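Contents: one structure, followed by commentary.
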Amino acid sequence: MKKLLEISLGIVTSVGGFLEIGSIATAAQAGADFGFQLIWAVLLGGLCLIFLVEQAGRLAAVSGHTLTGAIRERFGFNYFIILFLVLNLVTLLVLSAELGGVCVALELSTGIAFQWWAVPVAVLVWLLIWKGTFGFIEKGVSVLGLVTISFIVAAIMMKPNWHSVASGAIPTLPAHDKSHYWFIAVSVLGASISPYLFFFYSSGAIEDHWTEDYIGVNRVIASTGMSFGSLISVAVLILGALVFPPRGLHADHYSQLALLLQDALGHWGFILFVMSLGIACLGAALEITLQVAYFAAQGFGWNWSENQPPKKEARFSLTYTVVILLGALIVLTGIDPLKITIMSMALTAATLPLSVVPFLILMNDRNYLEEYTNGWIANGVVIAIILLAFVLAVVSIPLQIVGGG
Amino acid sequence: MHLVRDCLDKQVVDREGHNMGRVDGIVIEVGGGRKPDVAAIQVGSACQGDRLHPFFGKLVRSISKRCGVVNHDPYRIPWTKIVCAEIEVIAGVEAEKTPALAWELWLRKNIIARFPLA
């Protein structure tokens, strides 16, 4: 009974916490520019995330190590520090995009420019982490995030041509703007497979004291939760394809995103969009901030746990404080959060091999996983998708910069 | 025991289970016609810096000195007080009374304690 409750809570957490500014923006832009043609990228990203998250949970449950701790131990300090710098630089950009997302939601509801909200939002995020517990942050905000299911409701109400939607699940070449197509495909993959997600998941498994008994629970949560979450992203893409092209828009400014739910749900659509954006981005900002602090603390061997008072773990608390400050500074510059989002998602895809390759080596190491090492399917799927994302990123990012989209 | 695989970079905890760093270095004594002998493990940011490049090690030592944080970085824990367990390395010491937590205590006292709501 207890495990059933944990599975339910875990699925709710995964679904409610799935959407964030990256998945909303990239899916909306994919739909706006290429109709249903990029649904395959959302599904591929979701599939890869299911495998990675399940593996991160399994590693923690069987070995008692977080992913960061195991990487430091297995690959040494020098590799850890490279990963620490690269991953956290990209993650900082993603964090500023998420903080920007909360600020945009506040701008849409109040009319006050998003930059003005940077400091209050940063203080709110800091306060929630400073005072909150891991359970509060992981589950509390994610339960509120269930409001994002309104994207699925709206997509169904818009009565899309389901045959066309289904054909979008099969990759096809675009008739126009090839470099932009691949750049958006990479951004969609980057939004789905953000390393912070599976690093955070493994930290959460240790915070929740998972043991080998949780392998089944982990599998159900990862597969069901992430599948439903991916469906929400597909719904955003469908809405983007139906809402923007008739208006001649490309979803290239955040104010346009508010239209996503309005055709189907009217004024309530606007309210639900603002709530979804605000809550989803707040949840993601909390998780990303904590993950950077977890990464530092686990890699350097400091005290860490969101459940302890900040004074008991000064280095951990100071790290997340500085991270929030830096993220807020980027928002304060006034750079369009949507542009930061799309670029940071593509950069995420380009840096994926750096974190995923050692992860896969660990998942095949019997010293950590005993008899629970990866099978060939798990290895094959993840290697194929990561290589695809990396190659596309290396090719399409320069093309996007040179071609300007 | 394979020192690099089973000890280096592992989490170090004190006798109460509190984290006190990672095994950043291993000190091996040689000479005197004897076989090389493991003398201690090293914990601390200066040792981490040394592993990257001696420049970073010096930089860390100089920052620590200027802040008045620590004068035993890296901190050496004698091998006789070490037990290598499956997940972590257990040191038979009390973390807060060792220089391993000097930065933690300095930040706690000088920065975190001054935050609002601290």
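Quick note: the coordinates plus some simple rules give every number you see, no bench work behind them. Just so it is clear, the structure is predicted and the values come from calculations on it, not from any experiment. FYI the Cβ positions are ideal-geometry reconstructions off the backbone, even for glycines, and counts take in every protein chain you see.
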Legend entry - Relative counts (whole %) of C-alpha pair distances in the range A:338-398, using bins that are 10 Å wide: 21, 41, 25, 12, 1
Legend entry - Partner lysines for B:Lys10 [C-alpha distance under 17 Å; skip if fewer than 8 residues away on the same chain]: B:Lys81
Legend entry - Long-range Cα-Cα pairs in the range A:313-371 (distance over 19 Å), rounded percent: 61
Legend entry - Projected area, mean over directions - the range A:63-108, Cα convex hull, nm²: 4.2
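Quick check on the exposure proxy: order A:Glu6, A:Glu138 from fewest to most C-beta atoms within 10 angstrom.
Details: A:Glu6 17, A:Glu138 25.
Fewest-to-most ranking of A:Glu6, A:Glu138: A:Glu6, A:Glu138.
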Inset, instruction - Would you mind ranking B:Arg51, B:Arg5, A:Arg219, B:Arg66 by Cβ crowding within 10 Å, fewest neighbours first? - result: B:Arg66, B:Arg5, A:Arg219, B:Arg51
Legend entry - Rg(Cα) / (2.2 N^0.38 Å) computed for the range A:1-131, rounded to two decimals: 1.33
Legend entry - Listed residues A:Ala296, A:Ala27, A:Ala314, most fluctuating in chain A (Gaussian network, C-alpha, under 10 Å): A:Ala314
Legend entry - Pair A:Val86, A:Thr211: separation of 7 Å Cα→Cβ label points (nm): 3.8
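Only counting other Cβ atoms within 10 Å, I'd like B:His2, A:His65 sorted with the fewest neighbours first.
Lowest count first: B:His2, A:His65.
Going from the alpha-carbon gyration tensor of the protein assembly as shown, what semi-axes, largest first and in whole Å, does one get by taking the root of 5 times each eigenvalue?
Working through the eigenvalues yields semi-axes of 42, 25, 21 Å.
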Inset, instruction - Starting from the eigenvalues of the Cα gyration tensor, five times each then square-rooted, give me the equivalent ellipsoid semi-axes of the range A:206-263, largest first, whole Å. - result: 38, 12, 7
